[in-house]
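Q: Please find one structure pasted underneath; my questions will follow.
None of the figures in this text is laboratory data; all of them are computed from the coordinates on show. Remember, predicted model here, so these are calculated numbers, not experimental data. Glycine also receives a Cβ, built like all others from the backbone with ideal geometry; neighbour counts cover every protein chain displayed.
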Amino acid sequence: RQPVAIIGAGIAGLATAARLAVAGHPVTVFEAGPTFGGKMHQFALPGGYRFDAGPSLFTLPQLVDDIFRLAHREPADYFRYERLDPITNYFFADGTRLTAWADAAKFAAEVEEKLGTPAADVTQFLARAGKAYDATAGTFLHKSLHKAGTYFSPETLKAVAALPQLGLLGTMHQRHASAFGRDPRLVQLFDRYATYNGSDPYQAPATLSMIPHLEHGIGAFYPEGGIYAIAESLHRLAVEFGAKFRYNEAVEEIIIADGRVTGLRTAQDVYDFGQVVSNMDVVPTYRRLLPREPAPERTLGQPRSSSALIFYWGIRREFTELGLHNIFFSEDYKAEFDAIFQQKTVADDVTVYVNITSKKTPTDAPAGHENWFVMVNVPHDQGQDWAALTRQTRAAVLRKLRQALGTDVEPFIATEKVWTPPGIAADTSSFGGALYGSSSNNALAAFLRHPNFSGRLEGLYFCGGSVHPGGGIPLCLLSAKIVASLIDS
Ligand code: FAD
């Protein structure tokens, strides 16, 4: 087994390190920051509050379990999780409140009671989403789309042929409007799933309307101790199988000779490696680490996904009407997405997501307090005045919460930290601070993501949210699986 270097200890870098170490490769992970996790890091605020900095919603935990099973280890010895029920509390702009129960039938009954849409419409929609997922996930997510064998396999042709019959042509919003046109609140609820990969429901293809199946068909989960436990468990496995982690050592160049990778250069040293996996965002990988190599400009030029403005608040009070995941919707969803993707700014009225892990892990906040992760979707950084947008958005968030909860939250903010798109870019090297690499705002987006390998440079591979199959924890884990299988094929 050849030695492999991995650039970056984000979740995909960790999963790749664990898989390759388990397969017997000597693995060295170079990480620019002081520890592992990347966007999935954790931090504390004064006063006894712990926060997961980035991801908060977790689906497809079996993709983590698979890695422990590969190592013949019992997953529960490393990492435990519970299935959430309810999943999310929704607060609509007209004052309606709705609980998204895990069970599809119970959720549909709640929709019928609170919104008036027949339960059967919801169960039918979710059942179709499940069918669509089963018909396409194997092809579009689990394999390298960029190998001829995948393109022309009978499975791929079957998956593509199934799309029209599953009602998956047009945009995501059109799909939801045709399913639930009489109820704009339900359309808004399902349109929100476009944000799970940083896209715009008014542009994203209808195929993304299968995302709710992940939550209501397969389940939404919470790892014991919080999301960072996922990174910790994979790091532990990788180290047990001999992977070495070099922190505070950013890679500055991938060394190429005669069309193949021969090593890496960092500020500290030069290292020989015939196989390198970049978990760094693909755009800066080409621009900074391979400045003399021709870059795949069309791929790198794809529109970026949305980013986020996050307010981390230590709250000196408990809100019993809130749960782990809470959504406070804007009044005009179209205007909100147009602001992000057309005007590259933030609307005056925004949808606010509040995640409170102390509801599940009480030690994340002192007794009688809560740790609020308050997130608004915003465009990626293109030089906007983020100080002004942060002030404006903070005021909008407080206004929305006051309307929905009937309480002014501001006096209860004991401590605060903010993460902006330029901050996300600086801390993780993600281009423009985009959360999910490129957006999925057109039907061909899946094919325009960078493959998990370089077609030009032998020995160079890519994993993580900016390449195939996409951003978010499950897809990052799948990118690691594909890379590990490419290296060992
Ligand atoms: P990253 O996490 O981007 O890590 C890359 C690592 O590479 C970093 O540690 C960086 O320091 C390192 N690096 C970069 N350049 C170099 C270099 N030159 N040398 C060495 N190291 C380098 N996903 C979900 O599934 N559910 C959610 O609810 C969710 N919510 C999110 C909310 C926020 C606020 C954010 C920021 C993200 C969210 N995501 C969510 C997306 C998810 O976090 C990402 O898709 C995923 O964590 C990205 O992992 P990655 O492996 O691509 O690498």
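Q: Which net charge results for the neighbourhood of Pro46, defined as the other residues with beta-carbon distances under 11 angstrom from its beta-carbon, given Lys and Arg at +1 and Asp and Glu at -1? Intermediate values should be presented prior to the final figure.
A: Numbers: positive: Lys417; negative: Glu416.
Its environment carries a net charge of 0.
Q: Once R0 is set to 41 Å, what does the formula 1/(1 + (r/R0)^6) return for the Cβ-Cβ distance between Asn248 and Ser485, expressed as a FRET efficiency to the nearest 0.05? It would help to have the intermediate numbers written out before the result.
A: Values: r = 31 Å, r/R0 = 0.76.
That pair, Asn248 with Ser485, gives E of 0.85.
Q: For Lys114 paired with Asp332, estimate the spin-label separation in nm (one decimal), with each label point 7 Å from Cα along the Cα-to-Cβ line.
A: Distance between the two pseudo-spin positions: 2.5 nm.
Q: Could you work out the helix-only [θ] at 222 nm for the chain, with each DSSP H run of four or more residues adding -39,500 (n - 2.57) and the total divided by the number of residues, to the nearest 500 deg cm²/dmol? Display every interim value, and only then the final one.
A: Numbers: 15 runs with 161 residues, N = 489.
Per the formula, -10000 deg cm²/dmol.
Q: Would you please put 220-230, 295-305 in order of how densely packed they are, using the mean number of other Cβ atoms within 10 angstrom per residue and starting with the highest?
A: Values: 220-230: 21.4, 295-305: 17.0.
Ranking the peptides 220-230, 295-305 by packing returns 220-230, 295-305.
Q: By how many nm would the segment from Phe43 to Thr345 grow when fully extended, if each residue of separation counts as 0.36 nm and the alpha-carbon distance is taken off?
A: Details: separation 302, 0.36 × 302 = 108.72 nm, distance 2.81 nm.
My answer for the length gained is 105.9 nm.
Q: How far, in nm, would the chain grow between Asn442 and Thr35 when pulled straight, counting 0.36 nm per residue and subtracting the alpha carbon separation? Intermediate values should be presented prior to the final figure.
A: Details: separation 407, 0.36 × 407 = 146.52 nm, distance 3.56 nm.
Going from the current span to full extension adds 143.0 nm.
Q: By how many nm would the segment from Asp85 to Asp258 grow when fully extended, if each residue of separation counts as 0.36 nm and the alpha-carbon distance is taken off? Write down the numbers at each step before the final one.
A: Values: separation 173, 0.36 × 173 = 62.28 nm, distance 5.54 nm.
Using 0.36 nm per residue and subtracting the Cα-Cα distance, I get 56.7 nm.
Q: Now for a separate question. Mind giving me the nanometre distance, one decimal, between the label points for Glu293 and Thr407, set 7 Å out from Cα along Cα→Cβ?
A: Distance between the two pseudo-spin positions: 5.4 nm.
Q: Taking the Cα centre of each part, how many Å lie between the stretch 408-460 and the stretch 54-73?
A: What the calculation gives is 21 Å, centre to centre.
Q: Using the per-residue mean of other Cβ atoms lying within 10 Å as a proxy for protection, in what order, highest first, do the peptides 388-401, 32-45, 195-208 fall? Mind dumping the intermediate values first?
A: Values: 388-401: 17.4, 32-45: 19.1, 195-208: 23.9.
Highest mean packing first, the order is 195-208, 32-45, 388-401.
Q: Does the chain come out rounded, prolate or oblate, given a ≥ b ≥ c as the square roots of the eigenvalues of its C-alpha gyration tensor, rounded meaning a/c under 1.5 and, failing that, prolate meaning a/b above b/c?
A: In terms of gyration-tensor shape, prolate.
Q: Can you compute the charge dipole magnitude of the chain about its Cα centre, using +1 on each Lys and Arg Cβ and -1 on each Asp and Glu Cβ, nothing else charged? Give it in debye, rounded to the nearest 20. Before the final figure, lay out the partial values.
A: Numbers: 45 positive and 50 negative charges, 127 e Å.
So the magnitude is around 620 debye.
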